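Taking it in order: structure first as structure tokens, then the write-up.
Each value in this text was obtained by applying a stated rule to the coordinates, not by laboratory testing. For clarity, every value in this text was computed on a predicted model and none was experimentally measured. Using ideal geometry, Cβ is built from the backbone for each residue, glycine included, and neighbour counts are taken over all protein chains shown.
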Amino acid sequence: MAGLFTADIENRGLVLDPRTKLIVMITLVVFALGGTGSDIETVRYGTTALSILPLILLMTAKQYKKAAVFGILYAIMKSAEIFLVPHITGVALSIIGLCCLIFVRLMPGLIMGAYMLSSTTVSEFIAAMHRMHIPQQITIPLSVMFRFFPTVLEEFAAINTAMKMRDIRIGGKNAGKFIEYRLVPLMVCSVNIGSELSAAALTRGLGTKVKRTNICKIGSHAQDIAVLLLTTPLHMLWILGMIGVIT
Amino acid sequence: MHRIDLQIRKGECVLLCGASGCGKTTITRLLNGLIPHYYEGELQGTVSVFGRSISDTPIEDFAGIVGSVFQNPRSQFFCVDTTAEIAFGCENMGLSETEIQKRIDKTVADMCIEKLQNRSIFNLSGGEKQKIACAGVAAMLPELIVLDEPTSNLDHDAINELRDIIRGWKAQGKTIVIAEHRLGWLSRSCDRVVYMENGSISAEFTGEAFFPLPAEKLSSMGLRAVLTANNYLESKTGLTQIKPFDGIEKITLNGFTYSYGKQYAIHISELAIPKGAVIAVVGHNGAGKTTFTKCLCGLQKHFKGTVNIDGKPYRSKDMVWLSYMVMQDVNHQLFAETVLEEVMLGTDDTGEQTALDILQKLHISEYKERHPMSLSGGQKQRAAIASALLAGKKLLVFDEPTSGLDYRSMECTAELLRSLHKDITVLIVTHDMELIDRCCTHILHIENGGIESGCSGKGAI
């Protein structure tokens with residue numbers, strides 16, 4: 001099932017604490033995207049090595065296809081950066097070089113994001129936010145929003161099917177109104193579902209003054225510690241580099 | 001709604017019935033506090049639930065006292081896994097983790113749904129979803145449980161399971177109020193039946209007096225029958241004629257085989273259906289009815305079968321031109337700004353007069369300037385049919401056209417389907433035996449993806 005925070009809990013392989021995922025994400029953003037410590041050679045190698053971690057995580061979540069696609073894309077970009085970019089000049093350099101630079105930096109964070117969204121359930125997400133002391137005023141609207149997305153996607157698929165039967169498509173007679181024809185039913189259906197969803201939520205006590213509890217069991221397990229141990233060397237290398245022990 | 005005076009005793013099971021728009025749903029909303037707190041309107045008089053006035057108590061405070069189960073399983077879930085969903089209400093009440101776990105275990109055991117724990121909501125059938133919704137409500141241990149048309153998306157087996165759940169609640173001494181069109185499944189559970197007309201209560205019956213009423217009496221009150229004479233799910237698989245039909249021409253379907261992964265979803269090598277007939281497609285949930293109709297409408301990707309009509313073979317991608325599906329949620333297929341524009345859409349330069357004639361025939365010509373979304377459910381259905389007719393479709397497929405309809409609307413739909421069958425072949429996927437009795441000439445019973453009697457077409461490839 002595509003969508004945000006709608007992991008199929010019946011078949012998702014290794015489960016990590018959402019907070020662990022967040023730490024890996026931050027590390028990747030700081031080092032790969034932000035380029036922190038890229039003047040230190042060992043940190044550069046460490047960053048590249050850590051960029052493979054999200055791919056492994058995707059595989060532990062049994063999302064082999066996604067992992068393969070991202071892996072190949074990343075490998076192409078990275079090898080182009082290493083082998084191709086030093087040998088080209090002029091306009092080609094600025095275009096290809098820029099592309100490589102952006103993609104190589106962006107991809108690790110992007111893959112990690114894909115993993116995070118597709119392997120976490122809404123309840124885990126809320127539980128993690130709760131443990132991090134984020135107020136309910138933020139978590140409840142967010143959780144309802146995440147619940148709403150897959151529903152809208154379902155509606156959208158149904159509308160697409162209906163349009164196919166009526167032969168409304170790009171290039172058809174009514175191409176100009178293509179978007180309008182899609183949005184009107186989508187909006188009507190979404191509004192209906194949204195209002196029914198909030199009515200159902202109210203009758204089940206969402207929004208009481210009482211502090212909400214959560215039965216979702218999240219917490220550090222062996223796999224979380226393993227993943228965290230994989231990320232710490234990079235931080236250490238960077239600190240060592242900063243104080244001048246290594247270069 | 002006006003002049004309602006109703007007292008429901010503790011531990012009673014009350015059925016609210018009446019034609020669509022009679023005010024059943026309004027009463028359920030008054031009981032769970034959605035009126036006046038969520039749906040706005042003018043409320044005179046007082047409603048009190050267990051001595052607490054509805055208008056003075058915020059709706060969330062009723063959460064542990066009144067539980068509600070709604071009609072549409074798509075819009076009453078928050079979590080993606082079942083256990084979290086059952087816990088959702090208790091979590092909102094701020095109960096401790098151990099207490100919630102205890103309640104979940106008890107509810108799950110009471111309702112015999114151990115198998116449904118820790119499942120993904122997206123992999124559940126409609127009936128299973130409705131059971132989880134009931135469990136989520138039951139775990140909050142409410143005194144009063146309100147159900148608003150809980151069976152409109154369920155098949156026969158799922159309804160029987162819901163009946164057992166209701167009986168279980170009754171045995172626990174809970175007060176139950178059900179607003180419902182389908183009556184049969186409640187016959188031995190309800191103590192009292194409240195019949196409503198035009199927003200007021202026009203009659204009250206005891207359960208014993210109400211359910212034996214003859215079908216004619218019920219239909220004159222605008223109610224669906226308690227019992228239907230025929231259960232076509234017990235007929236043999238394959239095509240059976242149930243009414244006189246004089247068409248000779250046939251439409252042949254060849255190679256209707258489709259599989260998801262390793263299992264055949266449908267496996268019908270050849271089938272001839274009479275052209276111009278009205279055919280009910282019946283079968284249990286998961287029998288392959290949906291896949292069958294999707295293949296027939298050319299909506300299933302990588303489907304290799306063909307349809308022979310008027311001596312010409314059509315492949316999957318041409319079937320989109322040939323057939324049209326009227327979906328259960330007809331809102332998905334109305335796009336334009338006016339009804340007239342809607343039916344003209346996608347057709348070639350067919351004259352406006354032809355369109356008007358078709359609207360006339362379907363009794364919606366007076367609404368031709370209205371926005372399709374502003375019509376009633378039945379009128380929307382007609383607008384969708386009109387557009388299919390104008391587009392020259394030969395095969396019309398209906399997905400549960402009467403779910404949640406009262407007697408009169410069902411009768412109208414049946415009338416409409418009967419009137420179509422001169423040059424158009426109609427297939428109706430339905431669980432509604434009353435509808436089948438009224439308008440279908442044939443039954444197509446699919447079980448395990450196949451139509452051969454007694455055999456299962458579903459097997460490993």
- Task: Mind ranking A:123-131, B:223-231, B:63-71 by how tightly packed they are, going by the mean number of other C-beta atoms within 10 angstrom, highest first?
- Result: B:63-71, A:123-131, B:223-231
- Say the dipole of the stretch B:20-108 comes from +1 at the beta carbon of Lys and Arg and -1 at that of Asp and Glu; which of B:PRO58, B:GLY41, B:THR98 then lies farthest toward its positive end? B:GLY41
- Note on the structure: The farthest towards the positive end of the charge dipole of the stretch B:265-358, of the residues B:VAL278, B:ALA265, B:GLN300, given +1 on Cβ of Lys and Arg and -1 on Cβ of Asp and Glu, is B:ALA265
- Using the Cα centre as the reference, give the magnitude of the dipole from point charges on the C-beta atoms of the protein assembly as shown (Lys, Arg: +1; Asp, Glu: -1; all else neutral), rounded to the nearest 20 debye. 1340
- Got the relative contact order for chain B handy, in percent, Cα pairs under 8 Å and 6 or more residues apart? 18
- Query: With the Cα gyration tensor of the stretch B:177-326 giving a ≥ b ≥ c as the square roots of its eigenvalues, does the rule (a/c under 1.5 for rounded; else a/b larger than b/c for prolate; else oblate) give rounded, prolate or oblate?
  - Reply: prolate
- Note on the structure: Kirkwood calc, the protein assembly as shown, C-alpha pairs only, radius in angstrom 28.7
- Note on the structure: Cross-link reach from B:LYS106 to lysines, straight Cα distance under 22 Å and at least 8 residues apart if same chain, gives A:LYS217, B:LYS115, B:LYS129, B:LYS131, B:LYS170, B:LYS174
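State the three equivalent ellipsoid semi-axes of the stretch B:1-91, derived from the C-alpha gyration tensor as the square roots of 5 times its eigenvalues, in descending order and whole Å. Working shown, then result.
Values: eigenvalues 122, 54, 38 Å².
Whole-Å semi-axes of the equivalent ellipsoid: 25, 16, 14.
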- Once amide H atoms are placed 1.01 Å from N in the peptide plane, what residues at a sequence separation of 5 or more from B:VAL397, or on another chain, have their amide H within under 5 Å of its amide H? B:TYR324, B:MET325, B:VAL326, B:LEU427
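Taking each pair of different alpha-carbon atoms in chain B once, compute 1/r for the pair, average those values, and report the inverse of that mean as the Kirkwood hydrodynamic radius in Å to one decimal.
24.0
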- Can you tell me the 0 to 90 degree angle between the C-alpha axis of helix B:82-92 and the longest principal axis of chain B, rounded to 10? 40
- Item | Karplus-derived 3J(HN,Hα), 6.51/-1.76/1.60, for each residue of the stretch B:291-307, Hz, glycine and proline x | 4, 4, 5, 5, 4, 5, 8, x, 9, 8, 5, 6, 8, 9, x, 10, 10
- Message: For a Förster distance of 35 Å, can you work out the FRET efficiency between the beta-carbons of B:GLN44 and B:SER96, rounded to the nearest 0.05?
- Response: 0.25
- Message: Please compute, for the alpha-carbon atoms of the stretch A:71-113, the extent along each of the three principal axes and give them in descending order in Å.
- Response: 34, 15, 10
- Query: Out of the DSSP beta bridges found with both residues in the protein assembly as shown, what percent are antiparallel (nearest 5)?
  - Reply: 50
- Segments A:15-21, B:93-99, A:220-226 sorted - mean Cβ within 10 Å per residue, highest first: A:15-21, B:93-99, A:220-226
- Query: Just the Cα atoms of the stretch B:34-162, one point each, no solvent: what log10 I(q)/I(0) does Debye give at q = 0.10, 0.17, 0.20, 0.22 Å⁻¹?
  - Reply: -0.34, -0.93, -1.18, -1.34
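What's the Cα-based Rg to Rh of the stretch A:32-137, Rh via Kirkwood?
In the stretch A:32-137, Rg relative to Rh is 1.09.
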- Please list, in chain and number order, the residues 5+ apart from B:THR257 or on another chain whose amide H is under 5 Å from its amide H, with Hs placed from the backbone. B:ILE268, B:LYS304, B:GLY305
- Query: Once the Cα atoms of helix A:136-165 and of chain A are each reduced to a long axis, what angle between those two axes, in degrees from 0 to 90 to the nearest 10, is obtained?
  - Reply: 70
- Task: Starting at the first residue of the stretch B:157-172, write each ³J(HN,Hα) from the Karplus equation 6.51 cos²θ - 1.76 cosθ + 1.60 with θ = phi - 60°, in whole Hz, x for Gly and Pro.
- Result: 5, 5, 5, 4, 5, 5, 4, 5, 4, 4, 4, x, 4, 4, 5, 7
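Which percent, nearest 5, of DSSP beta bridges in chain B are antiparallel?
50
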- To the nearest 20 debye, what is the magnitude of the charge dipole of the stretch B:340-392 about its Cα centre, counting +1 on the Cβ of each Lys and Arg and -1 on the Cβ of each Asp and Glu? 320
- Task: Would you grab the residues whose amide H sits under 5 Å from the one on A:HIS221? Only those 5+ places off in sequence or on another chain, please, with H modelled 1.01 Å from N.
- Result: A:ASP17
- Compute the FRET efficiency between B:SER419 and B:LEU213 as 1/(1 + (r/R0)^6), taking r as their Cβ-Cβ distance and R0 = 22 Å, and round to the nearest 0.05. 0.15
- Return the sequence-ordered ³J(HN,Hα) values of the stretch B:24-37 in whole Hz as given by the Karplus equation 6.51 cos²θ - 1.76 cosθ + 1.60 applied to θ = phi - 60°, using x for Gly and Pro. 4, 5, 4, 5, 4, 5, 5, 6, 8, x, 4, 9, x, 7
- DSSP-defined beta bridges in the stretch B:111-219 - what % are antiparallel, rounded to 5: 55
- Task: Report Rg/Rh for the stretch A:102-238, rounded to two decimals, where Rg is the Cα radius of gyration and Rh the Kirkwood radius.
- Result: 1.11
- Message: Could you give me D for chain A, from Stokes-Einstein at 25 °C and 0.890 mPa s, where the hydrodynamic radius is the Kirkwood radius over C-alpha pairs? Units µm² s⁻¹, please.
- Response: 114
- Item | Nearest 10 degrees, 0 to 90: helix B:377-390 Cα axis against chain B principal axis | 10
- Sum of -39500 (n - 2.57) over DSSP H runs of 4+, divided by residues of chain B (222 nm, nearest 500): -9000 deg cm²/dmol
- Query: Taking the mean number of other Cβ atoms within 10 Å as a proxy for protection, how do you rank B:111-123, B:397-409, A:43-55, A:75-87 from highest to lowest?
  - Reply: B:397-409, A:43-55, B:111-123, A:75-87
